[in-house]
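Working notes, structure below.
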Amino acid sequence: MMRKPLVMGNWKLNGDTKMVAELIAGLKNELASVNGCQVAIAPPNMYLSQASDQIKGSLIELGAQNSDVNVSGAFTGETSPLMLKDVGVKYVILGHSERRTYHAETDELIAKKFAAVKENGLTPVLCIGETEAENEAGQTEAVCAKQLDAVLKTLGAAAFNQAVIAYEPVWAIGTGKSATPAQAQAVHKFIRDHIAKQDANVAKQVIIQYGGSVNAANAAELFTQPDIDGALVGGASLKADAFAVIVKAA
Ligand code: PEP
């Protein structure tokens, strides 16, 4: 089964009105001739509506960096999946290591958010991955399995129909130290095999992105690996030319 890779930019807490306008204009220009790859950007919530208007007529789709579990009500400061959908969001990044670390998000909460996002017609991008200490202790597969199982346990393998997984080793995020293509491939294969134990068809079609210091120089080699279906890109997604090189490599 051919999977169409997805390259998605996670802008994190960066940008203002002017920067959003300029970066999207640059991306539309750089990506005008691209096909064969899905492309998305995830600006801060504050700029989703602006981005939604600006990407019209291009191949770029819209992602959010988080969602609440609830669709409405007395939940001060939150953004609901319905609101994200309303402004044109398609993908929602969930369980990013920065949210697990700085906002104490647990596997259980992330599984609830995953369910809420799907119930409201959005596509979750579930981030999983081990810390440096876990990597050195040989726990990479156990950590990834536990993070996947939180979703599999409550929703079953069907959860990964119309969903994306991003393998993001924490030690590679924002450090300039990417996993090697062979290292990443081994974990991606483990992830796909883990899902295949429950449903081989779901495992075959699910997009598994790699994330962690992907840049214009290392993307092409990562994408030669059979189980790497694109990338979740942080730092390099803030420059139109670098992001375009990554998209074109996919
Ligand atoms: C990320 O935050 O999802 C990420 C992969 O960041 P970077 O590309 O900067 O390592």
Fill in the blank from the handout: Output for Cβ contacts, cut-off 9 Å, separation at least six or different chains, first residue among the charged types (D, E, K, R) in segment 117-128, second assigned to a strand (DSSP E or B), reads Lys118/Pro124
Practice task
From (1) crowded, with 17+ Cβ neighbours inside 10 Å; (2) farther than 20 Å from Asp16 by Cα, pick out the condition that doesn't hold for Val71.
Solution key: (1)
Problem - Selection count where residues are exposed (fewer than 12 other Cβ atoms within 10 Å of the Cβ) and either modelled with pLDDT under 95 or within 16 Å of the ligand (Cβ to nearest atom) (or both), scope segment 1-35 - result: 6
Handout entry: Filtered residues of segment 162-181 (kept if more than 15 Å from the ligand (Cβ to nearest atom) and touching an Asp or Glu at 6+ places or on another chain (Cβ under 7 Å))
Key = Pro181
Problem - Filter result for the condition that a residue is more than 22 Å from Ser178 (Cβ to Cβ), away from the ligand (no atom under 16 Å from the Cβ) and not in a helix (DSSP H, G or I), over Val92, Val71 - result: Val71
Fill in the blank from the handout: Within segment 196-211, of all residues that are buried (at least 22 other Cβ atoms within 10 Å of the Cβ) and among the hydrophobic types (A, V, I, L, M, F, W, C), the one nearest to the ligand (Cβ to nearest atom) is Ile208
Fill in the blank from the handout: The condition from (1) touching a residue at least 40 places away in the same chain (Cβ under 8 Å); (2) closer than 24 Å to Val20 by Cβ; (3) of a type in the set (A, V, I, L, M); (4) more than 15 Å from the ligand (Cβ to nearest atom) that Leu109 misses is numbered (2)
Problem - Residue check for Asp53: touching an Asp or Glu at 6+ places or on another chain (Cβ under 8 Å) and not basic (Lys, Arg) - result: no
Completion exercise
Within segment 212-239, of all residues that are within 18 Å of His96 (Cβ to Cβ) and of a type in the set (S, T, N, Q), the one nearest to the ligand (Cβ to nearest atom) is Ser213
Practice task
Report whether or not Ala159 is more than 16 Å from the ligand (Cβ to nearest atom) and within 24 Å of Gln65 (Cα to Cα).
Solution key: yes
Completion exercise
Arg99 passes all but one of the listed conditions (1) surrounded by fewer than 21 Cβ atoms within 10 Å (Cβ to Cβ); (2) away from the ligand (no atom under 15 Å from the Cβ); (3) part of a helix (DSSP H, G or I); (4) at pLDDT 95 or above; the exception is number (2)
Problem - Verdict on Gln162 being under 18 Å from the mean Cα position of the chain (by Cα), of a type outside the set (Val, Ile, Thr) and modelled with pLDDT under 95 - result: yes
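The values are calculated or read from the model by the stated rules, or taken from the named source; none is laboratory data. In this text the structure is predicted, and so the values were computed from the model without any measurement. All Cβ positions, glycine included, derive from the backbone under ideal geometry; neighbour counts span all protein chains shown.
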